[in-house]
Amino acid sequence: MNDPSHVTILKEIAELLNEETELESMLQGSLEKFLEGTDFHTGWVFFIEDDGKHALIAHENLPDILTEQDCLYMKTGGCWCVNRFRQGRLRKASNIIECKRITEAIDRSKENPEGITHHATVPLQSGNERFGLLNVATPGRREFEANELALLESVAFQIGSAIKRIQLTKKEQEVALMQERNRLARDLHDSVNQLLFSMTLTARGGAEMSEDPDVKETFHGLQSLAQEALTEMRALIWQLRPKGMEGGLTEALNGFADMLGLKATIKIEGVLNLPAKVEETIFRIGQEAITNCKRHAGADEIYIWIDSASDKIEMTIRDFGRGFYPDHVEKLPSVGISSMKERTRLLNGDFSLKSHPAEGTQIKIILPY
């Protein structure tokens, strides 16, 4: 570890980690920097969830056979390093006797021009928290020296600390966003919401006090507009600070639909034990769909089916209202539909929409988890 070149590469990586705030970009950049400054040639990073599922987050200079079909061999199946990590038995940088993923890929392709068969692995961790694995390899090398493994551990420690920092920053941002939403919801409730409520009462009183039919009609029109604006405002406040989520998706979506004057028929199959991000995304997409139904479909009822499997959740939302031509939406995209698509995209899900005038609309979302 006294090698001046090692000190230099650790310093350069530390500078990069301090500058970068996006997790995947940080991992890719630090991996590239590490390979540039050492004799290691190839590297890849696995993130491993609490349930043992692994994801390939970054890679550099992988052999061609390992990048085929969008890195299929790297993303599927098991291997020694991931299994040892899951069991909690991988605590430091180690030489892997032979990589199962690489040997299986070679066996199927019958060639390995890069000459990589073995790799070293080290867990990415910060304190007692573990995030995944950093793996490195070099053509023709079956094992690495103690000083190389020590360098690998130092880099893994830096990366683990940076991951923790990014997670804490993100959590702070989420808390700040929630606080701002709550503040805005309170302000809207205490000011605009109360003004609109007063307007409805004033308009109704004006209609009752006047004997002139035209004046009555004007006041009734103002009352109707104010009531509609009040409903929209309550929906906005509800979206900023939703109530009912503690009772589950069914109660939350039913409550939102009821507030807008819609009947929601909701059926759920499978056990819903979803990650918080997935549950919130399903809820927010359901909100958008219910709002769109109220504003545009002219329907009194909306149907929602949620089907949960072991690795994905499907939600289908259907109304039998006015409908529309989907290609018109593509040309002039609706904010609500764009929001649903974006929420789905952020979780690597699939979004589909079917509609036709006088036949209603169907939205289907599939989210992995």
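The values are calculated or read from the model by the stated rules, or taken from the named source; none is laboratory data. Given the structure is predicted, the values throughout are model-derived calculations rather than measurements. For neighbour counting, all protein chains shown are included, and Cβ atoms are generated from backbone atoms with ideal geometry for every residue, glycine included.
Considering Ile302, Ile313, which residue is at pLDDT 95 or above, among the β-branched types (Val, Ile, Thr) and surrounded by 18 or more Cβ atoms within 10 Å (Cβ to Cβ)? Give the derivation first.
Working: Ile313 fails: at pLDDT 95 or above.
Only one candidate passes the filter, namely Ile302.
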(message) Filter the stretch 23-49 down to the residues that are under 14 Å from Ile159 (Cβ atoms), surrounded by fewer than 17 Cβ atoms within 10 Å (Cβ to Cβ) and in contact (Cβ under 8 Å) with a residue 24 or more places away in the chain and list them by number.
(response) Glu24, Glu32
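Among the listed residues Lys312, Lys354, identify the single one that is in contact with a Pro (Cβ under 9 Å, 6 or more places away or on another chain), more than 19 Å from Leu253 (Cβ to Cβ) and in contact (Cβ under 8 Å) with a residue 40 or more places away in the chain.
Numbers: Lys354 fails: in contact (Cβ under 8 Å) with a residue 40 or more places away in the chain.
Unique residue meeting the criteria: Lys312.
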